[in-house]
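Below: the structure, in structure tokens.
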Amino acid sequence: MSKLWGGRFTKKTDQLVEEYTASIMFDKELAEEDIEGSLAHVTMLGKQGILPAEDVETIKAGLQRVLERVKAGDIEFTIGDEDIHMNIEKALIDDVGSVGGKLHTGRSRNDQVATDMHLWLRKRVVEFVDMLYKLQSALIEQAKANADTILPGYTHLQRAQPILFAHHMMAYVSMFGRDIERLQDSYKRINVLPLGAGALAGTTFPIDRHFVASQLKFDRVYENSLDAVSDRDFILEFLSHASIIMMHLSRLSEELIMWSSTEFNFVELDDAFCTGSSIMPQKKNPDVPELVRGKTGRVYGNLMGLLTVLKSLPLAYNKDMQEDKEGMFDTVKTMQGALQLFAPMVATMKVNKDRMRQAVNQDFSNATDIADFLVGKGMPFRQAHEVIGKTVLYCIQQNKYLLDLTLDEFKQFSELFDDRIYDVLQPEQVVNARNVYGGTAKPQVLEAIARAESAAEATAAWVIEYTERSN
């Protein structure tokens with residue numbers, strides 16, 4: 001069959017050109033959305049009297065049959081038909097005859113492909129909010145189960161101050177909460193209809209764009225036809241949000257990898273999320289977090305790639321924009337795999353509470369509290385800082401920790417020390433002394449968990465509402 005656009009041409013397209021310019025190898029992912037948009041478009045053509053009712057019903061019935069074949073995997077997409085739009089149109093024409101060619105009335109592949117991507121991406125955004133909600137829920141459950149578990153907190157990867165393990169988990173709940181908010185906000189810019197913009201200037205047919213928008217559950221339509229077909233900001237925004245999500249997952253991955261090592265031994269990942277060695281039988285490798293950490297780079301690359309594609313493009317549509325899809329599809333697939341695995345991996349993770357407590361007892365992470373103790377006795381903080389620095393140095397030289405020192409040993413550094421110092425230095429006291437909003441004290445952490453559970457309920461309700469909107 002000749003090209004659907006072939007009237008202007010006198011020669012066949014070179015085979016290498018066909019292969020190089022075709023997008024069907026990847027944009028077949030948009031098949032269901034392409035048909036969804038076409039059903040709304042042809043319904044509008046009938047409503048406006050642009051096509052007769054019998055043609056509209058014939059085309060709609062044909063599209064439904066093509067959709068069933070797509071879902072059943074019963075359509076062979078071909079490079080000769082270039083892209084998903086022309087493959088679907090050819091399948092329609094093969095099914096209903098030449099009347100199928102009327103479907104393209106009043107639209108271009110330029111506004112058609114943009115519509116397909118808006119439809120496809122808004123579904124993915126809702127799915128990702130749901131996946132992040134599930135990950136948050138797993139983290140919250142770990143926090144609730146470890147509301148009394150103390151571990152060393154770090155800065156510069158050096159022991160800093162003791163904190164609750166629950167507090168550490170809730171830090172990631174907050175991170176993923178921001179990710180959820182960003183995705184939810186981006187939905188507003190994804191849920192805008194470009195169809196009706198034509199190739200770049202609109203159409204001469206009396207179409208009703210707002211009717212199509214209501215049919216497809218879009219909140220609004222693009223105000224400018226040039227912008228409608230050339231805008232890929234909504235994909236860039238998604239790729240940017242995805243990069244931040246993967247960065248957060250990568251940071252958590254790094255900690256899980258370290259914590260599960262023999263040197264830390266703070267946590268143990270379930271066997272279902274680890275692999276072994278082909279030569280060393282004792283090994284248990286944290287492959288899932290390692291791969292998540294590694295795959296973060298490819299998501300960054302997809303963002304940089306599309307930014308580079310778009311940076312010098314004049315309005316409106318250019319063939320360069322065909323490069324907008326593969327990175328988007330790859331990012332979605334990459335992030336789906338990561339989030340689907342992360343929630344159950346966190347949920348089944350075992351926390352070695354005794355080892356964490358042992359680590360806290362064998363460091364100087366309570367040193368700041370001694371300085372605060374001296375400040376409470378009237379000593380300027382800078383002087384107290386120097387006193388405790390010398391006290392820690394003495395401990396290192398004597399192979400002791402602060403709780404090992406006698407009161408006489410403390411007093412050689414300051415006469416302000418008294419017996420209360422031993423209560424101040426207890427890990428539980430150190431943790432609970434930080435009883436400020438957002439701090440690691442147990443009452444504050446329990447309140448943070450309660451707030452997070454309330455926010456999670458709101459997220460779950462949003463997912464239900466917007467799943468209905470997007471389908």
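Just one of (1) of a type in the set (A, V, I, L, M, F, W, C); (2) modelled with pLDDT of 95 or more; (3) out of contact with any Ser or Thr (no Cβ under 7 Å at 6 or more places or on another chain) trips up Leu303, so point out which.
Among (1) of a type in the set (A, V, I, L, M, F, W, C); (2) modelled with pLDDT of 95 or more; (3) out of contact with any Ser or Thr (no Cβ under 7 Å at 6 or more places or on another chain), Leu303 violates only (3).
Taking the stated definitions as given, is Phe381 among the aromatic types (Phe, Trp, Tyr), surrounded by fewer than 18 Cβ atoms within 10 Å (Cβ to Cβ) and farther than 30 Å from Asp354 by Cβ?
Details: among the aromatic types (Phe, Trp, Tyr): yes; surrounded by fewer than 18 Cβ atoms within 10 Å (Cβ to Cβ): yes; farther than 30 Å from Asp354 by Cβ: yes.
Answer is yes for this residue.
Select from segment 336-346 the residues that are touching a residue at least 60 places away in the same chain (Cβ under 8 Å) and either surrounded by fewer than 19 Cβ atoms within 10 Å (Cβ to Cβ) or closer than 16 Å to Gly305 by Cβ (or both) and list them in ascending order.
First, pick out the residues of segment 336-346 that are touching a residue at least 60 places away in the same chain (Cβ under 8 Å): 336, 338-346.
Passing the criteria: Gln336, Gln340, Leu341, Ala343, Pro344.
Would you check if there is a residue in segment 107-121 being crowded, with 22+ Cβ neighbours inside 10 Å, of a type in the set (Lys, Arg) and either more than 30 Å from Val424 (Cβ to Cβ) or without any contact (Cβ under 8 Å) to a residue 24 or more places away in the chain (or both)?
Scanning segment 107-121, I find at least one residue that is crowded, with 22+ Cβ neighbours inside 10 Å, of a type in the set (Lys, Arg) and either more than 30 Å from Val424 (Cβ to Cβ) or without any contact (Cβ under 8 Å) to a residue 24 or more places away in the chain (or both), so the answer is yes.
Of the residues Val70, Val96, which is out of contact with any Cys (no Cβ under 8 Å at 6 or more places or on another chain), under 22 Å from Asp330 (Cα atoms) and either outside the structural domain of Leu236 (by TED's automatic domain parsing) or surrounded by fewer than 17 Cβ atoms within 10 Å (Cβ to Cβ) (or both)? Write out each step before concluding.
Numbers: Val96 fails: under 22 Å from Asp330 (Cα atoms).
Val70 is the lone residue from the list that is out of contact with any Cys (no Cβ under 8 Å at 6 or more places or on another chain), under 22 Å from Asp330 (Cα atoms) and either outside the structural domain of Leu236 (by TED's automatic domain parsing) or surrounded by fewer than 17 Cβ atoms within 10 Å (Cβ to Cβ) (or both).
Hey, among Arg232, Arg209, which residue is closer than 28 Å to Ile180 by Cα, in contact (Cβ under 8 Å) with a residue 12 or more places away in the chain and among the basic types (Lys, Arg)? Before the answer, list the steps.
Values: Arg209 fails: closer than 28 Å to Ile180 by Cα.
From the options Arg232, Arg209, the qualifying one is Arg232.
Within segment 68-88, which residues are closer than 18 Å to Val212 by Cβ and at pLDDT 95 or above?
Residues of segment 68-88 closer than 18 Å to Val212 by Cβ: 85, 88.
Correct list: Ile88 only.
Could you please give the count of residues in segment 247-290 that are more than 14 Å from Val346 (Cα to Cα), out of contact with any strand residue (DSSP E or B) (no Cβ under 8 Å at 6 or more places or on another chain) and of a type in the set (Ser, Thr, Tyr)?
3
Under 6 Å between Cβ atoms, which residue pairs at least 6 apart in sequence (or on different chains) link something in segment 170-198 that is closer than 16 Å to Val126 by Cβ with a partner that is β-branched (Val, Ile, Thr)?
These pairs meet every condition: Asp179/Ile245; Ile180/Val129; Ile180/Thr459; Leu183/Val125; Leu183/Val129; Tyr187/Val125.
Within segment 430-471, can you find the residues that are among the aromatic types (Phe, Trp, Tyr) and either within 16 Å of Met131 (Cα to Cα) or buried (at least 17 other Cβ atoms within 10 Å of the Cβ) (or both)? It would help to see each step written out before you state the result.
First, the residues of segment 430-471 that are among the aromatic types (Phe, Trp, Tyr): 437, 462, 466.
Selection gives Trp462, Tyr466.
Of these, Leu216, Leu200, Leu183, which one is closer than 28 Å to Gly46 by Cβ, within 26 Å of the chain's Cα centre (by Cα) and modelled with pLDDT of 95 or more? If you could, list the steps in order and put the result at the bottom.
Numbers: Leu200 fails: within 26 Å of the chain's Cα centre (by Cα); Leu183 fails: closer than 28 Å to Gly46 by Cβ.
Selected residue: Leu216, the only one of Leu216, Leu200, Leu183 that is closer than 28 Å to Gly46 by Cβ, within 26 Å of the chain's Cα centre (by Cα) and modelled with pLDDT of 95 or more.
Residues that are of a type outside the set (A, V, I, L, M, F, W, C), assigned by TED's automatic domain parsing to the domain that holds Lys134 and more than 23 Å from the chain's Cα centre (by Cα): does segment 325-334 have at least one?
Applying the first criterion (of a type outside the set (A, V, I, L, M, F, W, C)) to segment 325-334 yields 325-327, 330-331, 333-334.
If we keep only those that are assigned by TED's automatic domain parsing to the domain that holds Lys134 too, we end up with 325-327, 330-331, 333-334.
When the remaining residues are screened for being more than 23 Å from the chain's Cα centre (by Cα), the result is none.
There is no residue in segment 325-334 that is of a type outside the set (A, V, I, L, M, F, W, C), assigned by TED's automatic domain parsing to the domain that holds Lys134 and more than 23 Å from the chain's Cα centre (by Cα).
Can you find even one residue in segment 449-464 that is closer than 23 Å to Phe364 by Cβ and either under 44 Å from the mean Cα position of the chain (by Cα) or in the same structural domain as Ile163 (by TED's automatic domain parsing) (or both)?
First, the residues of segment 449-464 that are closer than 23 Å to Phe364 by Cβ: none.
No, the conditions are met nowhere in segment 449-464.
Looking only at segment 45-56, count every residue that is assigned to a helix (DSSP H, G or I) and touching a helix residue (DSSP H, G or I) at 6+ places or on another chain (Cβ under 8 Å) and tell me the total.
Total meeting the criteria: 6.
Being over 26 Å from Arg469 (Cα atoms) and without any contact (Cβ under 8 Å) to a residue 12 or more places away in the chain narrows it down to one of Thr204, Thr149, so name that one. Show your work before the answer.
On the way: Thr149 fails: without any contact (Cβ under 8 Å) to a residue 12 or more places away in the chain.
Of the residues listed, the single one that is over 26 Å from Arg469 (Cα atoms) and without any contact (Cβ under 8 Å) to a residue 12 or more places away in the chain is Thr204.
Being under 28 Å from Lys28 (Cβ atoms), more than 22 Å from the chain's Cα centre (by Cα), surrounded by 12 or more Cβ atoms within 10 Å (Cβ to Cβ) and touching a residue at least 40 places away in the same chain (Cβ under 8 Å): is that true of Tyr317 here?
Details: under 28 Å from Lys28 (Cβ atoms): yes; more than 22 Å from the chain's Cα centre (by Cα): yes; surrounded by 12 or more Cβ atoms within 10 Å (Cβ to Cβ): yes; touching a residue at least 40 places away in the same chain (Cβ under 8 Å): yes.
Spelling it out, Tyr317 is indeed under 28 Å from Lys28 (Cβ atoms), more than 22 Å from the chain's Cα centre (by Cα), surrounded by 12 or more Cβ atoms within 10 Å (Cβ to Cβ) and touching a residue at least 40 places away in the same chain (Cβ under 8 Å).
Given the structure, is Gln112 of a type in the set (S, T, N, Q), closer than 30 Å to Asp233 by Cβ and at pLDDT 95 or above?
yes
Six or more apart or on different chains, Cβ under 6 Å: which pairs go from a residue in segment 257-273 that's surrounded by 14 or more Cβ atoms within 10 Å (Cβ to Cβ) to one that's part of a strand (DSSP E or B)? Could you list them?
Close Cβ pairs (under 6 Å, with a partner that is part of a strand (DSSP E or B)) amount to Trp259/Val267; Ser260/Val267; Val267/Val351; Glu268/Lys350.
Six or more apart or on different chains, Cβ atoms under 8 Å: show the pairs whose first residue is in segment 353-364 and surrounded by fewer than 16 Cβ atoms within 10 Å (Cβ to Cβ) and whose second is of a type in the set (Lys, Arg) and in a helix (DSSP H, G or I).
Hits for this filter: zero, empty list.
Being loosely packed, with under 15 Cβ neighbours inside 10 Å, more than 28 Å from Arg293 (Cβ to Cβ) and not assigned by TED's automatic domain parsing to the domain that holds Asp231 is the requirement here; does Asp418 meet it?
Details: loosely packed, with under 15 Cβ neighbours inside 10 Å: yes; more than 28 Å from Arg293 (Cβ to Cβ): yes; not assigned by TED's automatic domain parsing to the domain that holds Asp231: yes.
The answer is yes for Asp418.
The values are calculated or read from the model by the stated rules, or taken from the named source; none is laboratory data. Small disclaimer: the values here were computed from a predicted structure and weren't measured. Please note: Cβ atoms are built from the backbone with ideal geometry, for glycine as well, and neighbour counts cover all protein chains shown.
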